[in-house]
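K.L.:
Here it is, the structure in full.
The values are calculated or read from the model by the stated rules, or taken from the named source; none is laboratory data. All values reported here derive from a predicted model rather than from experimental measurement. Quick reminder, even Gly has a Cβ in these numbers, built from the backbone with ideal geometry, and neighbours come from all protein chains shown. Calculation scope for accessible area: heavy atoms of the full protein, side chains included, ligands and nucleic acids excluded. Shrake-Rupley method; radii C 1.70, N 1.55, O 1.52, S 1.80 Å.
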Amino acid sequence: MATIATVENLRAYYIVKAVGGVTVSEIKAVDNVSFEVRENEVLGIAGESGCGKSTLMKVMYGLIAPPLTVKGGSVHYFFEGRKVDLIGADRKTLNRIWWKYISYIPQGSMNVLNPTMRVKDQFLDVLRAHIRRLDEEEAEDMILKHIESMGLPREVYTSFPHQLSGGMRQRVVIALATILKPKVILADEPTTALDVVVQRGVLQLLRRVQKELRNTLVVVTHDMGVHAQIADRMIIMYAGKVVEIGPVDKVFEEPLHPYTKYLIQSLPKIGDKTLRKGIPGKPPSLENPPPGCRFYPRCPRVMDVCKVEEPEMVEVEPMHYVACHLVR
Ligand code: ATP
Ligand code: SF4
Ligand code: MG
């Protein structure tokens, strides 16, 4: 499968400044992260709250504004034979690629719809920005068909967001994100705020859309049950770092990183009402993360080397990578 995007040695920090513009702290939310994204795959990104998942999504979409700063590394996309440097892209370039090549479903996106605009007008705005000489009648027809294909009733078209349920609003957000058939969809916790039944419907919708468009879906969620259902490959993040990458079945059946093992054991799965054992301890501060392996204060397998030397990412078997001294 061809590569659609590469993230290389990416460092994205929140710079917290005091009066006078002096940097007082840096939150190393994404710290030297590298991976690639393939065409026609569902790539899941997992990890506890605060490990940098949303920050990574923002940077991959090009939403980089203070206090968020890219301190190093790159994000490149490969669209129709052209290499696009996302970090260096100006606003004009971003406007050209947003919606049409990359779309973004932000965390809490049920609330990103403009409350003062009818659904119809939010769609027309997106289409106007990308289609020159838009025939409004044709466009309306296209939007209506698209909305219906998302399992939404026709009335949604002329509704205001507040007239819709949470699940319907999320479907509208997905419909908006897919109307121009983008090559890459970045979805940040797209189902987290929904109840279990609605969640399942939205997941099925996302998966179906990805299959139909044969594009790439990068889906962020801390819910391992969601990954098990939808992802082809997975990335596990811990405290601003990527610690494991692999095909979803490998990650679930033979997790290599002690943190991944904990995640699989402890995170609730869809519909699972039993209380599972949490991971002991807390993730470190991203302002002053521990040296060496960031997981060492919580790791049951910690060795001396872990406290001083950062483990490198190693390919243990084809497509399955881990950053842990145990595999050396
Ligand atoms: P969650 O699962 O809770 O959504 P996440 O993995 O998406 O978490 P991020 O939102 O990327 O995590 O946050 C990573 C780190 O950056 C956290 O320590 C967070 O407190 C910090 N952070 C996020 N936004 C800001 C901001 N605007 N200013 C300063 N620090 C921030
Ligand atoms: Fe545990 Fe050491 Fe592996 Fe880190 S490198 S996960 S501390 S064994
Ligand atoms: Mg988040």
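K.L.:
Pairs only if they're at least six apart or on different chains, beta carbon under 7 angstrom, first in the range 293-321 and open to solvent by 70 Å² or more (accessible area, probe 1.4 Å), second within 16 Å of ligand 3 (Cβ to nearest atom); list them, first residue then second.
P.N.:
Nothing qualifies.
K.L.:
Please specify each residue of the range 63-95 satisfying the condition of being without any contact (Cβ under 8 Å) to a residue 40 or more places away in the chain and either among the acidic types (D, E) or within 16 Å of ligand 1 (Cβ to nearest atom) (or both).
P.N.:
A65, E80, D85, D90 - these are the residues of the range 63-95 that are without any contact (Cβ under 8 Å) to a residue 40 or more places away in the chain and either among the acidic types (D, E) or within 16 Å of ligand 1 (Cβ to nearest atom) (or both).
K.L.:
One residue is enough: does the range 35-52 have a residue meeting the conditions at positive phi and surrounded by fewer than 16 Cβ atoms within 10 Å (Cβ to Cβ)?
P.N.:
Checking the range 35-52: not a single residue is at positive phi and surrounded by fewer than 16 Cβ atoms within 10 Å (Cβ to Cβ).
K.L.:
Only one of (1) open to solvent by 10 Å² or more (accessible area, probe 1.4 Å); (2) within 27 Å of E315 (Cβ to Cβ); (3) away from ligand 2 (no atom under 16 Å from the Cβ) fails for V184. Which number is that?
P.N.:
(1)
K.L.:
Of these, L144, L206, L127, which one is within 29 Å of E48 (Cα to Cα), of a type in the set (A, V, I, L, M), at pLDDT 90 or above and in a helix (DSSP H, G or I)?
P.N.:
Among L144, L206, L127, only L206 is within 29 Å of E48 (Cα to Cα), of a type in the set (A, V, I, L, M), at pLDDT 90 or above and in a helix (DSSP H, G or I).
K.L.:
How about the range 13-38: which of its residues are in contact (Cβ under 8 Å) with a residue 60 or more places away in the chain, closer than 19 Å to K71 by Cα and not β-branched (V, I, T)?
P.N.:
Hits for the range 13-38 are S25, E26, K28, A29, D31, N32, S34, F35.
K.L.:
Scan the range 113-134 for residues that are buried (at least 17 other Cβ atoms within 10 Å of the Cβ) and either within 16 Å of ligand 3 (Cβ to nearest atom) or without any contact (Cβ under 8 Å) to a residue 40 or more places away in the chain (or both) and jot them down.
P.N.:
K120, L124 - these are the residues of the range 113-134 that are buried (at least 17 other Cβ atoms within 10 Å of the Cβ) and either within 16 Å of ligand 3 (Cβ to nearest atom) or without any contact (Cβ under 8 Å) to a residue 40 or more places away in the chain (or both).
K.L.:
Within 16 Å of ligand 3 (Cβ to nearest atom), modelled with pLDDT under 95 and either buried (at least 19 other Cβ atoms within 10 Å of the Cβ) or assigned to a strand (DSSP E or B) (or both), is that true of L263?
P.N.:
When the stated conditions are applied, L263 passes them.
K.L.:
Return the residues of the range 53-73 that are farther than 21 Å from P106 by Cβ, open to solvent by 20 Å² or more (accessible area, probe 1.4 Å) and small (G, A, S); say none if nothing qualifies.
P.N.:
Within the range 53-73, just G73 meets the criteria.
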